[in-house]
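Reviewing the structure listed below.
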Amino acid sequence: MTQNKKNFLADKIIVCEDDLVLRKNISTALEMEGYHVYEASNGTEAKQLLLSKRVSLIVSDWAMPVMDGLELLKYVKTDARFMHIPFLFLTAKTTVDNKLTALGLMADDYITKPFSLHELVYKCRNNIENRKQVIIANLVNDVESNFDSRDQKFLQQIKQFIDKHIANDELALSDFAAEFPMSVSSIQKNIKRICGQSLFRLIIDMRLQKAKNMIEADAAPISEILYYCGFNNHNHFTKKFKDKYDILPSKLNKKDRNIS
């Protein structure tokens, strides 16, 4: 496992487990992978953390005092503020009925005790990264999603700003700071935290997606489309397009396909 770099932009995980030793072992394993971990000994403490922190994943035991994991799961998956957060059950309850109960309440994953810390780390990572990919796809393709409303509003505003200036090949990061009430570094850090990619990469991806849509619709010659989407060099555009979609832009053009 890799050493924790104490990155404050790291994905944040709540580990809810009443067994102190096990909770510390799980937290240490996740921190060694670079995650920031918040610990809770029962569901009530986890709820308090959810209300004050932005987290990317919840790992919870089932049987706990005060408020158990099943109650916590119901709370998370029925609250619009938190239902997008992946929820991973960690429990000694191994019957099929128990598992179906958890999955029926929209638990995202289920690990039975005893378990491998390596397996737990991998499942945490996969759930977090899969969620990021959903967010990125939703942002680029304009599909509605259920992620945090504050993040959704922020990303939607960023997207609208990029759309508005998509033809401007000189669009700079400083232009975003002039539009939004935060510094360039804060904007970039928030985009990286939410999407797992840089603002620059997001702009390129949206330009390429726009170009792809226009080419497939045969909206204009490719030589005009690339400039409309903010590319000022045909070779540069072709390379970026080929890198992303593994096909030359001309191969998507309806007229070119009819000729071939």
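Bear in mind these aren't lab numbers, they're just calculated from the coordinates by the rules spelled out. Just so you know, these numbers come straight off a predicted model, no measurement behind them. FYI the Cβ positions are ideal-geometry reconstructions off the backbone, even for glycines, and counts take in every protein chain you see.
A cut-off under 15 angstrom between Cβ atoms defines the neighbours of Ala167, and their net charge, with Lys, Arg +1 and Asp, Glu -1, is -2. Working from label points 7 Å from Cα in the Cα-to-Cβ sense, the Asn126 to Asp79 distance is 2.8 nm. Long hydrophobic helices in the chain, taken as whole DSSP H segments with a C-alpha length of 15 Å or more on their own axis and mean Kyte-Doolittle hydropathy at least 0.0: 20-32, 199-216. Only lysine pairs 8 or more places apart or on separate chains count here, and in region 12-132 those with Cα atoms under 16 Å apart total 13.
Rounded to the nearest 500 deg cm²/dmol, what is the calculated helix-only ellipticity per residue at 222 nm for the chain, with -39500 (n - 2.57) per DSSP H run of length n ≥ 4?
Calculated at 222 nm, the ellipticity per residue is -17000 deg cm²/dmol.
Report note on the peptides 69-75, 182-188: ranked by the mean count of other C-beta atoms within 10 Å, highest first, their order is 69-75, 182-188. Could you tell me which of rounded, prolate or oblate describes region 1-91, using a ≥ b ≥ c as the square roots of the eigenvalues of the alpha-carbon gyration tensor, with rounded for a/c under 1.5 and, failing that, prolate when a/b is larger than b/c and oblate otherwise? Oblate, because a/c is 1.5 or more while a/b does not exceed b/c.
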